[in-house]
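Heads up: the structure comes next, in structure tokens.
The values are calculated or read from the model by the stated rules, or taken from the named source; none is laboratory data. This structure is a prediction, so every number in the text was calculated from the model and none was measured. Cβ sites come from the backbone with ideal geometry, for glycine too, and all protein chains shown count toward neighbours.
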Amino acid sequence: MIDKTIVKHLSDISLALFRKNFFGIYHGSISKKLDHNNFVINKKEAIFDEINEKTLCKLSMTIHDYSWNLASIDALIHSSIYTQIHEAKYIAFGMPPYTSAYSLEHDEVVFDDYFGKVTFGKLPIYDPGDFLSWYDRNFKEVPKAIKESPSNLIVVRGVGVYVYDRDMNDIVKKVAILENSCRLHALKSQFS
């Protein structure tokens, strides 16, 4: 059984991120670290505007039991981040449309707006290489790349955005600023 306050918090944050197009209906993942061995993550069939106790599962980072078969395809990445980055308490992965589109044509996110520039400065865009082997190696590459990022966030070209923090509200703020900045780039290009 998962603590009701954790379920409510993840549900509220998931709904906010869904409304901001960070998550698709079935696309993305959200998790919370419970202790040094356990975390909660959405299940494969979770719909992000309706997260509840039935759409979440508790996983052990040390024992891969049957629960892992129910969990999001991103569970191994989340577990690797929690294992390697001890200050990570929350993780989210999504494919926000403007950021994802921007990543297809650029090697870094250059922020022209105030909030983006002050929050991030510049963000490199991680090239995943061969998409066919991405899920065989992402649990190694994402934690390494995100540890090197000063913003606790990486944009993976054509894949999406991975972000962690100690506070879920900080994750939401970073995602909103990033997506808004990329949206402004898209709008700016229409006027050029």
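Details
- Among the conditions (1) touching a strand residue (DSSP E or B) at 6+ places or on another chain (Cβ under 7 Å); (2) more than 14 Å from PRO96 (Cβ to Cβ), LEU17 misses just one, which is (2).
- Qualifying residue in the stretch 23-37 (condition: surrounded by fewer than 19 Cβ atoms within 10 Å (Cβ to Cβ) and either small (Gly, Ala, Ser) or assigned to a helix (DSSP H, G or I) (or both)): yes
- Among the residues of the stretch 90-141, those identified as surrounded by fewer than 18 Cβ atoms within 10 Å (Cβ to Cβ), assigned to a loop (DSSP other than H, G, I, E, B) and out of contact with any helix residue (DSSP H, G or I) (no Cβ under 6 Å at 6 or more places or on another chain) are HIS106, ASP107, ASP112, GLY121, ASP127, GLY129, ASP130.
- Whichever residue in the stretch 151-192 is farther than 21 Å from LYS33 by Cα, assigned to a loop (DSSP other than H, G, I, E, B) and not polar (S, T, N, Q) and, among such residues, is nearest to the chain's Cα centre (by Cα): VAL159
- Within the stretch 69-89, the set of residues being out of contact with any strand residue (DSSP E or B) (no Cβ under 7 Å at 6 or more places or on another chain), part of a loop (DSSP other than H, G, I, E, B) and either surrounded by 24 or more Cβ atoms within 10 Å (Cβ to Cβ) or of a type in the set (A, V, I, L, M) (or both) comprises ILE73 only.
- Single residue of the stretch 13-45 satisfying the filter (at pLDDT 95 or above and among the hydroxyl-bearing types (Ser, Thr, Tyr)) that is farthest from ILE91 (Cα to Cα): SER29
- Total residues in the stretch 52-72 satisfying the condition of being at pLDDT below 95 and of a type in the set (A, V, I, L, M, F, W, C): the figure is 1.
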